[in-house]
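For reference, the structure I am asking about is given below.
Just so it is clear, none of the values below were taken in a lab; they were calculated from the coordinates. All of these numbers come straight from a predicted model, not from anything done at the bench. Here Cβ is always computed from backbone atoms with ideal geometry, including for glycine, and neighbour counts include all displayed protein chains.
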Amino acid sequence: MKQLKSLLFAVAVTAVPSSASAQSIGLFADVGAINCNVNASVGTPVTCYFVFRQLASTGIAGYAFRAHGLPAGWIAIADPCWPSPCIGDLFGSGVVGAWPECHTNDVEFLFPLVLIAMTDQSDIELTIAPRLPLVNPAFDCPLVARCDAPTYTAECVTGSRSVINGTLPCTVGTHMRSWAEIKSLYE
């Protein structure tokens, strides 16, 4: 049943494309998607989190992406099929996942990843990229499916860059604020 739902999602997102957005999927050191710098000591498991960040929207019902940049020999334990049904290989061709309900949070937890560093390396860039083969040939990008059943409109999102054991800046999607909210910070 889980694979059937994911396959139905994959078929749906190939049908109706949408334009690109400022939303993103990334790997974070925390579930709240604040820190995209992950520290992994050799031999010590560290849990990090794949998170979808969005501006106020109708929400998402699914996602499709892959991660790359993990050093050879490092151990990555991910269950991209928890808490949502999915298919695929996260560090291979990528994953396609779907939920039975709409998720509308500004910061949406997708699934955890446990990393075990097997070598001492720094400034490792882990990036989010499109699933291969592309779920929707019209878009060479990580995708989400919007909550507009039965269409589930596919939409490109930004693939964030996270840094493991590093000092390099990482890219994180921004949350839009009104001028009143920004002004209140200085009052």
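Around F111, which amide H atoms from residues at least 5 apart in sequence, or from another chain, sit under 5 Å from its own amide H, with H modelled in the peptide plane?
HN-HN under 5 Å from F111: F50.
Where does the charge balance sit around P112 when Lys and Arg score +1, Asp and Glu -1, over other residues with C-beta under 15 Å from its C-beta?
The answer is -3.
What FRET efficiency comes out for the pair A149/I116, r = Cβ-Cβ distance, R0 = 30 Å, nearest 0.05?
Rounded to the nearest 0.05, the efficiency is 0.15.
Could you compute the net charge surrounding T58? Neighbours are other residues with a C-beta less than 14 Å from the C-beta of T58; K and R count +1, D and E count -1.
Taking every Cβ under 14 Å from that of T58, the sum is -4.
Would you mind checking which residues have amide H under 5 Å from Y152's amide H? H placed 1.01 Å from N; only 5 or more apart, or other chain.
HN-HN under 5 Å from Y152: empty list.
Where does each of S162, S24 land when they are ranked from fewest to most other beta-carbon atoms within 10 angstrom?
By the 10 Å Cβ count, ascending, the order reads S24, S162.
Could you run the Karplus curve 6.51 cos²θ - 1.76 cosθ + 1.60 with θ = phi - 60° over segment 141-152 and give me ³J(HN,Hα) per residue in whole Hz, x for Gly and Pro?
7, x, 10, 10, 10, 6, 8, 10, 3, x, 6, 6
Arrange the following residues from fewest to most other Cβ atoms within 10 Å of their Cβ: E155, E101.
Fewest-to-most ranking of E155, E101: E101, E155.
Counting other beta carbons within 10 Å of each residue's own, what order do L168, L143, L113, L70 fall into, fewest first?
Starting with the residue having the fewest Cβ neighbours, the order is L168, L70, L113, L143.
Can you tell me how much longer the chain between L132 and V31 gets when fully stretched, taken as 0.36 nm per residue apart minus their C-alpha distance, in nm with one decimal?
33.7 nm
Work out, step by step, the length gained on full extension between E125 and S41: first 0.36 nm times the residue separation, then minus their alpha carbon distance; give nm to one decimal.
Between E125 and S41, full extension yields an extra 28.7 nm.
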